[in-house]
1. In segment 36-80, how many residues are surrounded by fewer than 21 Cβ atoms within 10 Å (Cβ to Cβ) and assigned to a helix (DSSP H, G or I)?
2. Looking only at segment 7-29, count how many residues are under 20 Å from C237 (Cα atoms), aliphatic (A, V, I, L, M) and out of contact with any His (no Cβ under 8 Å at 6 or more places or on another chain).
3. Mind listing just one residue for me: the one in segment 235-250 that is touching a residue at least 40 places away in the same chain (Cβ under 8 Å) and over 17 Å from L305 (Cβ atoms) and, of those, surrounded by the most Cβ atoms within 10 Å (Cβ to Cβ)?
4. Out of (1) modelled with pLDDT under 95; (2) among the hydrophobic types (A, V, I, L, M, F, W, C); (3) not in a helix (DSSP H, G or I), what's the single condition that is false for A269?
5. Does V149 meet the test of being on the phi < 0 side of the Ramachandran plot, in contact (Cβ under 8 Å) with a residue 12 or more places away in the chain, surrounded by 22 or more Cβ atoms within 10 Å (Cβ to Cβ) and part of a strand (DSSP E or B)?
6. Kindly indicate which of V309, V216, V210, V301 is modelled with pLDDT of 95 or more and β-branched (V, I, T).
7. Residues in segment 254-272: is at least one buried (at least 18 other Cβ atoms within 10 Å of the Cβ), outside the structural domain of S59 (by TED's automatic domain parsing), touching a Pro at 6+ places or on another chain (Cβ under 8 Å) and of a type in the set (A, V, I, L, M)?
8. List the pairs whose first member sits in segment 1-19 and is at pLDDT 95 or above, whose second member is of a type in the set (A, V, I, L, M) and outside any helix (DSSP H, G or I), and whose Cβ atoms are under 8 Å apart, counting only residues at least 6 apart or on separate chains?
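The values are calculated or read from the model by the stated rules, or taken from the named source; none is laboratory data. Bear in mind that the values here come from a model prediction, so they are computed numbers and not experimental data. Cβ placement follows ideal geometry from the backbone for every residue including glycine, while neighbour counts extend to all protein chains displayed.
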Amino acid sequence: MADIVATAEQLADDLLFPRALATDRSDAVPVDLLDALAQAGLYGLSGPVDAGGLQADFSTVCAVGEALASGCLSTAFVWGQHVGVVIAAAQSANEHMHEWLGPLCRGERRAGLALGGAVPGPAFLRASLTDGGWRFDGTSLFVSGWGMVDAIHTAARTDDDRLVWALLDARECGTLKAKRLELVALDATATVRVTFRDHPVPPERVTSVVRHQEGVTPPHVLRIHASFALGVTRRCCRLLGETPLDDELARLRADLDRLDPDTIEAARAAAGELALRAAAMLAVASGSRSLLIAEHAQRLVREALFCLVYALRPGSRAALLKQLELR
């Protein structure tokens, strides 16, 4: 698995980082960057070998995510949405999903996420059973990669608290509309708000129907989220040179890797706080030129802000606020 991580690191250093400023100012992540990840096999990182995937273990998935994020968080984030979709297709009991698995692993088909029904609290996106399958109604507030993905793995919730996951075509039609959002960071991810109005979902597109359970977020989900923040911190450390942040990053990574349910929420919070502090240190070290749009420091400060609040769960939010109060 070390070769896979080394490939990701090389792509981050030789391709993604040199173009990160231009990507940051683009309307969308350039497709050739995503193509390069596909050609390296990284779109199949989590997929089974017999479908053309790399079948990487969890620690490798986290390390690859961190490496790519250190090169360009916008590119890594669009790619990262795809990784979990491959797992969902591979584990689906729906035989029609097997037709998707090979193209997903090869990056010939690319996928994003629409989590409107899976977020805590009242569902933004509802599912109702029909004679021909399902109907989705509502919104998914943040869907990244629009125009760069072929499908969105969409979660909608039923009245009896089941989650219906379905792989839907990522294109507008009479029952599906997308509105572009303006983001202060990662705007090149082409993030949209998707609205569904009585949108038909044929049974062959359903990956699973499971019980919706609110509660503590599983440690592996928080660990994946933290990988993006670790990548931003890693790049800041590289640009700063040797500082005490290097040891702090290594200790935090080891803490996250333990996947301890009792500490993972605080560790996820610490990852966001460390990214923000590292980016701030880089900006101060760089001085007033950090205000120039052509400087990496300002981009990394904005990316650190993204990492600070992205997919922040209640436990991590509380831990983060406490950490910030103590600083």
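1. 9
2. Number satisfying all stated conditions: 5.
3. By that ranking, first place goes to C237.
4. (3)
5. No: the conditions fail for V149.
6. So the residue among V309, V216, V210, V301 that is modelled with pLDDT of 95 or more and β-branched (V, I, T) is V301.
7. So far as segment 254-272 goes, yes, one or more of its residues are buried (at least 18 other Cβ atoms within 10 Å of the Cβ), outside the structural domain of S59 (by TED's automatic domain parsing), touching a Pro at 6+ places or on another chain (Cβ under 8 Å) and of a type in the set (A, V, I, L, M).
8. Correct list of pairs: I4/L45; I4/L54; I4/A56; T7/A40; A8/A40; L11/A40.
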